[in-house]
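Student: Pasting in a structure now, in structure tokens, and then I'll have a few things to ask.
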Amino acid sequence: QMRRVNCPDCGVKIEQIPWAEGKSHSTKSYQLFLARWARRLSWAEVAEVFKTSWPKVYHSVESVVQYGLKHRTIGAIEAIGVDEVQYEKGHGYMTVVYQIEKDCKRLLYVGKNRTVKSFLKFFKEIGSECAGNIKFVCSDMWQPFLKVIKKKIPQAIHILDRFHIVANLNKALNKVRTEETAELRNQGYVDIHM
């Protein structure tokens, strides 16, 4: 328990301790410990395994992320990946941007929704000089992402996510197959099922 003093001149003062941040009830090392486990397990599982609460895990992750954002250096970015992540049932999505280079893989940005506005915030954060150095971008074919990529980093080589390319290829093959089957039936050919 931290000591508390009620000073008539400056008001209530609470003892500062070096291993905790502000009014936090957890030490920095405990927050870091929970946040690292929260990368491997769901936050509910972390809370259950380490006999703590979900809000404490959430606040630990939030604290570590805020510390990281405050102390990070963006540096030169040559390749990014952008994707949307569903975070709740229905249509709750986040836009996530990663640096995806051989020697550096890290999360750069998380934005609410998967809109043009959300993705534009990433470019506002990194600035036009940093965006001008981006040589490669990997994304799916989500139209808001494509618009922003074309507008903000036209110099970058755009690599499309193979999952979406294969999905579109399969749709096209199915369309051709059904059209061909219908045409053959109209010409009098009959399906043979064995």
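Student: Can you give me the number of residues within segment 6-28 that are modelled with pLDDT of 75 or more and either assigned to a strand (DSSP E or B) or under 14 Å from GLU62 (Cα atoms) (or both)?
Tutor: 9
Student: Additional query: Looking at VAL64, is it part of a helix (DSSP H, G or I) and aliphatic (A, V, I, L, M)?
Tutor: Yes, satisfied.
Student: I've got another one for you. Among the residues of segment 102-117, what is the count of those that are out of contact with any helix residue (DSSP H, G or I) (no Cβ under 6 Å at 6 or more places or on another chain) and in contact (Cβ under 8 Å) with a residue 24 or more places away in the chain?
Tutor: Of the residues in segment 102-117, 2 are out of contact with any helix residue (DSSP H, G or I) (no Cβ under 6 Å at 6 or more places or on another chain) and in contact (Cβ under 8 Å) with a residue 24 or more places away in the chain.
Student: Considering only residues that are closer than 15 Å to HIS158 by Cα and out of contact with any Lys or Arg (no Cβ under 9 Å at 6 or more places or on another chain), which ones fall in segment 84-99?
Tutor: VAL97
Student: Oh, and also: Does SER63 satisfy being closer than 30 Å to GLY127 by Cβ and either out of contact with any strand residue (DSSP E or B) (no Cβ under 8 Å at 6 or more places or on another chain) or of a type in the set (Phe, Trp, Tyr) (or both)?
Tutor: Yes: the conditions hold for SER63.
Student: Okay, moving on. Using beta carbons and a limit of 6 Å, which pairs, at least six apart or on different chains, have the first residue in segment 43-58 and modelled with pLDDT under 95 and the second one assigned to a loop (DSSP other than H, G, I, E, B) and surrounded by fewer than 14 Cβ atoms within 10 Å (Cβ to Cβ)?
Tutor: Between residues of segment 43-58 that are modelled with pLDDT under 95 and residues that are assigned to a loop (DSSP other than H, G, I, E, B) and surrounded by fewer than 14 Cβ atoms within 10 Å (Cβ to Cβ), the close pairs are ALA47/SER53.
Student: Considering only residues that are hydroxyl-bearing (Ser, Thr, Tyr) and either on the phi > 0 side of the Ramachandran plot or surrounded by fewer than 19 Cβ atoms within 10 Å (Cβ to Cβ) (or both), which ones fall in segment 94-123?
Tutor: TYR98, THR115
Student: Scan segment 123-143 for residues that are at pLDDT 90 or above, outside any helix (DSSP H, G or I) and of a type in the set (A, V, I, L, M) and report the count.
Tutor: 2
Student: Let me spell it out: the conditions are (1) in contact with a strand residue (DSSP E or B) (Cβ under 6 Å, 6 or more places away or on another chain); (2) outside the structural domain of GLU125 (by TED's automatic domain parsing), and THR52 meets all of them except one. Which number is the exception?
Tutor: If we test THR52 against (1) in contact with a strand residue (DSSP E or B) (Cβ under 6 Å, 6 or more places away or on another chain); (2) outside the structural domain of GLU125 (by TED's automatic domain parsing), just (1) comes out false.
Student: Still on this model: Please work out if THR73 is in a loop (DSSP other than H, G, I, E, B) and either out of contact with any strand residue (DSSP E or B) (no Cβ under 9 Å at 6 or more places or on another chain) or not assigned by TED's automatic domain parsing to the domain that holds TRP37 (or both).
Tutor: So THR73 fits the description; yes.
Student: For VAL166, indicate whether it is among the β-branched types (Val, Ile, Thr) and crowded, with 16+ Cβ neighbours inside 10 Å.
Tutor: No; evaluated as a whole, the condition is false for this residue.
Student: Could you tell me whether segment 43-66 includes any residue that is more than 19 Å from the chain's Cα centre (by Cα), among the basic types (Lys, Arg) and surrounded by fewer than 10 Cβ atoms within 10 Å (Cβ to Cβ)?
Tutor: yes
Student: The conditions are (1) closer than 30 Å to LEU69 by Cα; (2) out of contact with any strand residue (DSSP E or B) (no Cβ under 9 Å at 6 or more places or on another chain); (3) surrounded by 10 or more Cβ atoms within 10 Å (Cβ to Cβ), and ILE126 fails exactly one of them. Which is it?
Tutor: Only one criterion in (1) closer than 30 Å to LEU69 by Cα; (2) out of contact with any strand residue (DSSP E or B) (no Cβ under 9 Å at 6 or more places or on another chain); (3) surrounded by 10 or more Cβ atoms within 10 Å (Cβ to Cβ) is unmet by ILE126, namely (2).
Student: All but one of (1) in contact (Cβ under 8 Å) with a residue 12 or more places away in the chain; (2) of a type outside the set (A, V, I, L, M); (3) surrounded by 12 or more Cβ atoms within 10 Å (Cβ to Cβ) hold for GLN155; which doesn't?
Tutor: GLN155 satisfies all of (1) in contact (Cβ under 8 Å) with a residue 12 or more places away in the chain; (2) of a type outside the set (A, V, I, L, M); (3) surrounded by 12 or more Cβ atoms within 10 Å (Cβ to Cβ) except (3).
The values are calculated or read from the model by the stated rules, or taken from the named source; none is laboratory data. Fair warning: this is a prediction, and the values are worked out from it, not measured in the lab. As a convention, Cβ positions derive from the backbone with ideal geometry for all residues, glycine included, and neighbour counts pool all protein chains shown.
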